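A.B. asks: So that we are looking at the same thing, I have put the structure below in structure tokens.
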Amino acid sequence: MPAETRLSLRQTQRMVMTPLLQQAIQLLQLSTLELQELVQKELLENPLLEETPADPPEGTATSAEAIPGTVTPDVPQPTPTVDATQTDALPFDLTAAIFDYPEEPTLVQQEDREEPPFENFTSRATTLADHLDAQLRLATNDARVRVIGEAIIGNIDDDGYLRAELADIAQNTKASVEDVEKVLSLVQSFDPLGIGARTPQECLLIQLRADPLPDPVAVEILEQHCEALERHGYTDIAKALKLPLERIMEAVEEIEALEPKPGRKFAASDARYITPDVFVHKMGDDYTVVLNEDGIPRLRVNALYRSLLRGGGLEAKQYVEQKLRSAIWLIKSVHQRQRTLYRVTESIVKFQREFLDKGLASLRPLSLRDVGEDVSMHESTISRVTTNKYVQTPQGLFELKYFFHSGIATGNGDRVSSLSVKKMIRDLLGGEDAGKPLSDQEIADILKGRGLIIARRTVAKYREELGLSPSHRRRLAPKKR
């Protein structure tokens, strides 16, 4: 059968992500600070976008409406010129009074001097390497020792441990392994104690031996029974050393007081500042949701560039049309993002009213589907709009994701938040008898007595998420100083 070409019509349905929809989805996931950066970037790149003045003068025509998503034609207004004679007259030259020299400068002022750069005035935190290098320069004048010491210090990580083999350091510095060991002993005597160790055991031993009168039992435990110490086998250690368990626990408390990561205090602090995206204020008996719009400019379309659509060449019109379309999309997307964030937060406040009134114990379980059905949105939209968003409430600052979690059923058919159950478990373990710690089954029985239907394995899961040890480890755990 010969092949032939035909024209046919076929109607199909498919999902198409329009540029406006893609941009709206992208903006939903941004925090307030990230949205500010994106808007400022668009203001720089798109000449048709401009920021609406905060308080425009009465009776002055604006180039476009400040309401997002609306653009009205307008006649461009000429830019007013400022005459120098209209400025406030001062009886003296302000610039000369601040920066100029007196009429008769002194000899020192007449000298040509090179001013230090401003970078020299900025402060910088002392790093662990800087701290050790300074001690190395004071400890020796031997150039060879300094070279080896600098190589050792350069291979010490942020926790204070040496992360290189002595043979490799000896090869790189063209020294013997014995010389490297001697310099390493010098570095290990520096502050903070325990620096330059190769294992946690060596780090703790260095700190113990730095004491003029170290506890001999603690030293022997670290030297001979470190593995049993790691698994909290205090009874086995007491039998091996033929000492009472109380004496072993005293030595363990001495070891617990040591610093396993001596370089930790020099670690750069990763301070994270959070700006709330939404505020929830209590007004009488009700709660009001207020969006944080500080720093987010109110956008409008510049009428001067838009006038090029009525005149100018074809190339200019195409450029302006593209930028105009992009500007309108951004304005609508920002407006949609703010509106969606407001509605979702309002729905969360409605569901978590008891938490706002009473605190964590009244936090109720909540799912994305619950909020999605309440505001007639898809779960994926709720997930995006609550990502990296924080709300300031009368109970404190929380991420919006904080309010979404599972629940535990109660005897009367209600459900209690898993966070509330974790708080109950933490409170129970915090007030338990150290000699008779509660097992997971005992905790489950206590919670069942309070009306919660919870299994032992669920208690164990929540306890592990709280970072709490099981009962057999808590029974012999030494008390923290």
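Read-outs throughout are calculated quantities, based only on the coordinates presented, and are distinct from any laboratory measurement. Only a predicted model underlies this, so the values are computations on that prediction, with no experimental measurement involved. Neighbour counts are summed over all protein chains in view; Cβ atoms, including those assigned to glycine, are modelled from backbone coordinates with ideal geometry.
A.B. asks: In a shell of Cβ-Cβ distance under 13 Å around E45, excluding E45 itself, what net charge do Lys and Arg (+1) and Asp and Glu (-1) give?
C.D. replies: Working: positive: K41, K323; negative: E37, E42, E50.
For residues surrounding E45, the net value is -1.
A.B. asks: Straight-line reach only, C-alpha to C-alpha below 22 angstrom: list the lysines that K448 could link to, leaving out same-chain residues fewer than 8 apart.
C.D. replies: K422, K423, K436, K461
A.B. asks: Would you work out which of I443, L466, I408 lies farthest towards the positive end of the dipole of region 407-476? Charges go on Cβ: Lys and Arg +1, Asp and Glu -1.
C.D. replies: Positive-end residue among those listed: L466.
A.B. asks: For L33, L205, what ranking results if the residue with the fewest other Cβ atoms within 10 Å of its Cβ goes first?
C.D. replies: L33, L205
A.B. asks: Within straight cross-link reach of K282, meaning Cα distance under 18 Å, which lysines are found once same-chain residues fewer than 8 apart are removed?
C.D. replies: Once the sequence-local lysines are set aside, what remains near K282 is K350, K358.
A.B. asks: Tell me the label-point distance for the pair Q318, Q40, using the 7 Å Cα-to-Cβ offset, in nm and rounded to one decimal.
C.D. replies: In this crude spin-label approximation the distance works out to 3.4 nm.
A.B. asks: According to the square roots a ≥ b ≥ c of the eigenvalues of the Cα gyration tensor, what is the shape class of region 175-243, taking rounded for a/c under 1.5, prolate for a/b larger than b/c otherwise, and oblate for the remainder?
C.D. replies: Details: a/c = 2.78, a/b = 2.14, b/c = 1.30.
Cα axes put region 175-243 in the prolate bin.
A.B. asks: Output the Cα-based Rg and Dmax of region 407-476 in Å, rounding Rg to one decimal and Dmax to a whole number.
C.D. replies: Using the Cα atoms of region 407-476, the pair Rg, Dmax is 11.8, 40 Å.
A.B. asks: Note down the magnitude of the dipole of region 128-266 about its Cα centre, charges +1 on Lys and Arg C-beta and -1 on Asp and Glu C-beta and zero elsewhere, to the nearest 20 debye.
C.D. replies: 280 debye
A.B. asks: Once R0 is set to 30 Å, what does the formula 1/(1 + (r/R0)^6) return for the Cβ-Cβ distance between Q441 and E246, expressed as a FRET efficiency to the nearest 0.05? Can you show the working numbers first?
C.D. replies: Values: r = 29 Å, r/R0 = 0.98.
According to the calculation, E is roughly 0.55.
A.B. asks: When the chain is fully extended, how far beyond the present Cα-Cα distance does Y402 get from D370, taking 0.36 nm per residue of separation?
C.D. replies: Separation in residues times 0.36 nm, less the Cα-Cα distance, equals 10.1 nm.
A.B. asks: If the chain between A143 and T127 were fully stretched, how many nm would it gain, using 0.36 nm times the residue separation less the Cα-Cα distance?
C.D. replies: Extra length available between A143 and T127 comes to 3.5 nm.
A.B. asks: I've got another one for you. What FRET efficiency comes out for the pair E259/T12, r = Cβ-Cβ distance, R0 = 56 Å, nearest 0.05?
C.D. replies: For R0 = 56 Å, the calculated efficiency reads 0.25.
A.B. asks: Take the alpha carbon atoms of region 124-244, find their radius of gyration, then divide it by 2.2 N^0.38 Å using N residues; give the quotient. List each step's numbers first, then the result.
C.D. replies: Values: Rg = 17.0 Å, N = 121, 2.2 N^0.38 = 13.6 Å.
The value comes to 1.25.
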